[in-house]
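*Asks:* Handing you this structure, nothing more for now.
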Amino acid sequence: MVSEKLFNWMREIRREIHRQPELGFNEIKTAALAAAKLTELGIEFRTGVAKTGVVGYMGTHGPVVALRADMDALPVTECTGLPFASETPGVMHACGHDGHVAIVLGAAYLLKQDPPKGRIVFIFQPNEEGSGGAKPMIAEGILNGIDAIFAGHIDPRFDAGKIILTPGVNNAYTDGFDVEITGRAGHAARPQEAIDAVVIACSMVMQIQGIISRSVDPLKPAVITIGAINGGTVNNVIAEYVILKGTIRTLDDATRQLIFRKLKALASSYEAMHGAKIEVIFHDGYPPLINHPGQFETAQAAAAATTGSDNIIIHPTPSMGGEDFAFFLEKIPGCFTRFGARKSGHEQFPLHNPNFDFDEEVLKTAAEFMARAVRMEIEKLEAN
């Protein structure tokens, strides 16, 4: 159980990180705080992993189980008015990563009090929100020798005390793309002399949505979002160049590849129709996060022991959001969990919103769950 002393310790960690948020690969103060708390607990660690990552090590023999927390904040201007609000203009912990660090440190505190018969690795990862910090950490060998791994995320859609589990696919592919449209500039009064990149772009945005509604199996979840349109200069010049920036979210590679092909075909047809040059450039994102069956069972048992079976939500629908914990699960078995954190009596804002906050009671539930999942997984691995 999490004592009030431990809860207050975690809450102060969360609030200190929240006051001083840092963007990906710049989590210098956050990493230093994590290292200081590991020192306080008597846990050995490495720093400077993938620039700003911290990895703690506990135990000397037996099965090896890891916990992971992401550390980075977002380029968002905070509007919460909290007494511990961000002191860094334009940067905010709007996705709960401040809480994630506190949770894994809380689990370390519990495990240190009563060490299991195994080894534990505590991974504090940079840059989950950006280009991804998991891959460079893996490249530096942090997963070597680890048998299983667990991670979690605060979720404001559910009440505090709820633990949300999704078997199998938990998060989507997150591919990005650019559509670069090059027409021919001309005077706004003589459109017949130009090739209007703005008109082409506007038409393409609508047709791109038709790929989902008319080419993708409706039983296969998929999303295409155009998040940015940039082009043109002044009101009386027909724009020569426009760029569309978008994201594709899918749960299976066949649907993903179908959308890639359709986007290319759509660009070719608009080239032929308008005489423009249109290039589609894809940017690989995160792979789908797929929970492993054995560790899902461990997580379910740990959740039941932590908060009771009535407070477990088996959520069969994957999130179309991305999560770079997926890279870890491509290498070793593990499970990703969500922790309810809705603030009762307050308007609840979604993740990545400048007003986002969460019920800090989630720190208790999540830290206890994480510590229990480690113990149960080590016992299972020893038995096998």
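*Asks:* For Ile200, which of the numbered conditions (1) part of a helix (DSSP H, G or I); (2) closer than 30 Å to Phe325 by Cα fails to hold?
*Replies:* The one condition Ile200 does not meet is (2).
*Asks:* Restricted to the range 339-348, and to residues that are at pLDDT 95 or above and either more than 15 Å from the chain's Cα centre (by Cα) or not assigned by TED's automatic domain parsing to the domain that holds Ile149 (or both), which residue is surrounded by the fewest Cβ atoms within 10 Å (Cβ to Cβ)?
*Replies:* Start the filter on the range 339-348 by keeping residues that are at pLDDT 95 or above, which leaves 339-342.
Now drop any that are not either more than 15 Å from the chain's Cα centre (by Cα) or not assigned by TED's automatic domain parsing to the domain that holds Ile149 (or both), which leaves 340-342.
On the way: Gly340: 24, Ala341: 27, Arg342: 19.
Among residues in the range 339-348 that are at pLDDT 95 or above and either more than 15 Å from the chain's Cα centre (by Cα) or not assigned by TED's automatic domain parsing to the domain that holds Ile149 (or both), the one surrounded by the fewest Cβ atoms within 10 Å (Cβ to Cβ) is Arg342.
*Asks:* Any idea which of Pro83, Pro63, Pro116 is surrounded by fewer than 15 Cβ atoms within 10 Å (Cβ to Cβ) and either modelled with pLDDT of 95 or more or within 15 Å of the chain's Cα centre (by Cα) (or both)?
*Replies:* Pro83
*Asks:* So, one more: How many residues, within the range 157-187, are of a type in the set (Lys, Arg) and part of a strand (DSSP E or B)?
*Replies:* Keep residues of the range 157-187 that are of a type in the set (Lys, Arg), which gives 157, 162, 184.
Now restrict to residues that are part of a strand (DSSP E or B): 157, 184.
The total comes to 2.
*Asks:* Among the residues of the range 345-366, how many are touching a residue at least 60 places away in the same chain (Cβ under 8 Å), part of a loop (DSSP other than H, G, I, E, B) and not hydrophobic (A, V, I, L, M, F, W, C)? It would help to see each step written out before you state the result.
*Replies:* Initially, the range 345-366 is screened for residues touching a residue at least 60 places away in the same chain (Cβ under 8 Å), giving 348-366.
Among the residues that remain, those that are also part of a loop (DSSP other than H, G, I, E, B) are: 348-361.
With not hydrophobic (A, V, I, L, M, F, W, C) added as a condition, the list becomes 348, 350, 352-355, 357, 359-361.
The total comes to 10.
*Asks:* For a quick check of your reading: which helices (runs of 4 or more DSSP H) sit entirely within the range 227-338 and have at least 1 residues that are surrounded by fewer than 17 Cβ atoms within 10 Å (Cβ to Cβ) and in the same structural domain as Val64 (by TED's automatic domain parsing)?
*Replies:* Per the criteria, 293-307, 325-331.
*Asks:* Name the residues in the range 313-345 that are more than 20 Å from Lys135 (Cβ to Cβ) and of a type in the set (Val, Ile, Thr), would you?
*Replies:* Ile313, Ile314, Thr317, Thr337, listed by residue number.
*Asks:* Could I ask something else about it? Does Met92 meet the test of being touching a residue at least 24 places away in the same chain (Cβ under 8 Å), crowded, with 21+ Cβ neighbours inside 10 Å and within 16 Å of Arg14 (Cα to Cα)?
*Replies:* For Met92, the condition - touching a residue at least 24 places away in the same chain (Cβ under 8 Å), crowded, with 21+ Cβ neighbours inside 10 Å and within 16 Å of Arg14 (Cα to Cα) - is met.
*Asks:* Looking at (1) without any contact (Cβ under 8 Å) to a residue 60 or more places away in the chain; (2) more than 22 Å from Ala371 (Cα to Cα), which is the one condition that is false for Gly24?
*Replies:* All conditions are met except number (1).
*Asks:* Right, another one. For the range 95-110, enumerate the residues that are more than 16 Å from Ala341 (Cα to Cα) and either surrounded by fewer than 24 Cβ atoms within 10 Å (Cβ to Cβ) or out of contact with any helix residue (DSSP H, G or I) (no Cβ under 9 Å at 6 or more places or on another chain) (or both).
*Replies:* Residues satisfying the conditions are Tyr109, Leu110.
*Asks:* Could you list, in sequence order, all residues of the range 128-146 that are in contact with an Asp or Glu (Cβ under 8 Å, 6 or more places away or on another chain) and not small (Gly, Ala, Ser)?
*Replies:* The answer is Glu128, Glu129, Lys135.
*Asks:* Could you grab me the full set of residues in the range 209-258 that are over 30 Å from Arg184 (Cα atoms), touching a residue at least 12 places away in the same chain (Cβ under 8 Å) and polar (S, T, N, Q)?
*Replies:* Ser215, Thr250, Thr255 - these are the residues of the range 209-258 that are over 30 Å from Arg184 (Cα atoms), touching a residue at least 12 places away in the same chain (Cβ under 8 Å) and polar (S, T, N, Q).
The values are calculated or read from the model by the stated rules, or taken from the named source; none is laboratory data. Computed from a prediction, not measured in an experiment: that's the story for all the values here. For neighbour counting, all protein chains shown are included, and Cβ atoms are generated from backbone atoms with ideal geometry for every residue, glycine included.
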